[in-house]
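Peer 1: My structure is below; once you've seen it, I'll send some questions.
Please treat every number below as a calculation from the coordinates, not as lab data. Computed from a prediction, not measured in an experiment: that's the story for all the values here. Heads up, the Cβs are rebuilt from the backbone with ideal geometry, glycines too, and the neighbour counts pull from every protein chain shown.
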Amino acid sequence: MAEVRAEAAAKSRQLERYAADLRETFKAERAHRSRLQRSYMETVRALSNAVEARDAYTGKHAERVAAYGLEIARAMGSPLADDPQIEFGFLLHDVGKVAVPDAILYKPEPLSDDERALMARHPETGTQILRDVEFLGEARSVVRHHHERWDGFGYPDGLRGEEIPLAARVFAVADTLDALTTDRPYRPASDLAHARRIIAANAGTQFDPAIIDVFAAIPDATLERIRGDIR
Ligand SMILES: [Fe+2]
């Protein structure tokens, strides 16, 4: 009897050791995963900074747009708000502009048709650049489709309505918001109220109207805070 009890106790100690090992492994695995995730984020930011460093006017455009985009996704109650791949896509949306010559990128006058066509290739170029980076996942569809329009007149694929990936539809609103509320060489920044009016006027043509409804309900203070924090 005593032998059986001793054996049971030994077994139970062994099981506890296994459990402890498992907990340790799990903890190490989790730490490893979060380190990896951090490295991904740092790499993506470095790449996005490299693109932005060329453009003195837009400053931290990518970071602000990412923050606006995530805020809109959050207000929609969408899981996109917590998906790192979506944030990566927001940050890298214009990576394809590395292939646009300075003379076009910085041209203060309106672009010629040829120049505009070259500029409009940046979503496809970006997709090509990121094609084999597996960890970016859905980020690549944001890069490809960030200039599509709800009415189907955008590029590069002329997708319309819900054919456009949701993250790209959210992004389009964030991108326009930031473009309107920052100074450009050819015009000063609009204030938030004016930017909101322009965006609302383009619901159903450029933008997904359901997203504009949600966007309209985001308090000014939230958007002003992002603009103030990231400059
Ligand atoms: Fe773009």
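Peer 1: Please work out how much length the chain gains when fully extended from Asp55 to Asp21, using 0.36 nm per residue of separation minus the C-alpha to C-alpha distance, in nm with one decimal.
Peer 2: Values: separation 34, 0.36 × 34 = 12.24 nm, distance 5.15 nm.
In short, 7.1 nm is gained.
Peer 1: What's the magnitude of the charge dipole for the chain around its Cα centre, counting Lys and Arg as +1 and Asp and Glu as -1 at the beta-carbon? Answer in Debye, nearest 20. Please list the in-between numbers first.
Peer 2: Values: 32 positive and 38 negative charges, 139 e Å.
Magnitude of the dipole: close to 660 debye.
Peer 1: Oh, and also: Please give the net charge around Ile230, taking every other residue with its beta carbon less than 11 angstrom from that of Ile230, where Lys and Arg add +1 and Asp and Glu add -1. If you can, show how the numbers build up before the last one.
Peer 2: On the way: positive: Lys60, Arg64, Arg225, Arg227, Arg231; negative: Glu63, Asp178, Asp229.
Result for the local shell: +2.
Peer 1: Going by how many other beta carbons lie within 10 Å of each one, how would you line up Tyr68, Tyr18, Tyr106, fewest first? The partial results should precede the final answer.
Peer 2: Values: Tyr68 27, Tyr18 10, Tyr106 13.
With the fewest neighbours first, Tyr68, Tyr18, Tyr106 line up as Tyr18, Tyr106, Tyr68.
Peer 1: At a Cα cut-off below 29 Å, give the lysines reachable from Lys97, other chains included and same-chain residues fewer than 8 away excluded.
Peer 2: Answer for Lys97, where 29 Å is the Cα cut-off: Lys60, Lys107, listed by chain and number.
Peer 1: Between Lys11 and Leu36, take the C-beta separation as r, use R0 = 30 Å, and let me know the FRET efficiency to the nearest 0.05. Mind dumping the intermediate values first?
Peer 2: On the way: r = 37 Å, r/R0 = 1.23.
Efficiency at R0 = 30 Å is approximately 0.25.
Peer 1: Would any residue of the range 16-53 have its amide N under 20 Å from a label point 7 Å out along Cα→Cβ of Leu118? List them or say none.
Peer 2: 51-53
Peer 1: If a/c stays under 1.5 just call it rounded; otherwise compare a/b with b/c (prolate if a/b is bigger, oblate if not). Do that for the range 1-129, with a ≥ b ≥ c from the square roots of the Cα gyration tensor eigenvalues. Provide the component values of the computation, followed by the final result.
Peer 2: Values: a/c = 4.76, a/b = 3.67, b/c = 1.30.
Prolate is the answer for the range 1-129, as a/c is 1.5 or above and a/b outweighs b/c.
Peer 1: A follow-up question, please. Which one of Met76, Thr25, Pro185 has its Cα pushed farthest toward the positive end of the charge dipole of the chain, where Lys and Arg give +1 and Asp and Glu give -1 at the Cβ?
Peer 2: Most positive-ward Cα: Thr25.
Peer 1: Next question, about the same structure. Can you list the residues of the range 183-212 with backbone N under 18 Å from a point 7 Å past the Cα of Asp102, pointing along Cα to Cβ?
Peer 2: From the range 183-212, the list is 185.
Peer 1: Placing unit charges on C-beta atoms (Lys and Arg positive, Asp and Glu negative, everything else neutral), compute the dipole magnitude of the range 142-231 about its Cα centre in debye, rounded to 20.
Peer 2: Around 240 debye, computed over the range 142-231.
Peer 1: Under 1.5 on a/c is rounded, so check that first for the range 144-220, then, if it is not, pick prolate when a/b is larger than b/c and oblate when it is not; a ≥ b ≥ c are the square roots of the alpha carbon gyration tensor eigenvalues. If you can, show how the numbers build up before the last one.
Peer 2: Numbers: a/c = 2.24, a/b = 1.43, b/c = 1.56.
Cα axes put the range 144-220 in the oblate bin.
Peer 1: So what's the back-of-envelope 222 nm ellipticity for the chain, counting only DSSP H runs of four-plus at -39500 (n - 2.57) apiece and dividing by all residues, rounded to 500?
Peer 2: Details: 11 runs with 145 residues, N = 231.
Using -39500 (n - 2.57) per qualifying helix, the result is -20000 deg cm²/dmol.
Peer 1: Something else about it: Compute the projected area of the convex hull of the Cα atoms of the chain, averaged over all viewing directions, and report it in nm² to one decimal place.
Peer 2: Details: hull surface 68.7 nm².
The orientation-averaged projected area of the Cα hull of the chain comes to 17.2 nm².
Peer 1: Here is a further query. What distance in nm lies between label points placed 7 Å from Cα along the C-beta direction at Phe153 and Arg45?
Peer 2: Going from the Phe153 label point to the Arg45 one covers 3.9 nm.
Peer 1: Ok, one more. In Å and on Cα atoms, what radius of gyration and Dmax does the range 72-175 show?
Peer 2: Radius of gyration, then largest Cα-Cα span, for the range 72-175: 14.1, 42 Å.
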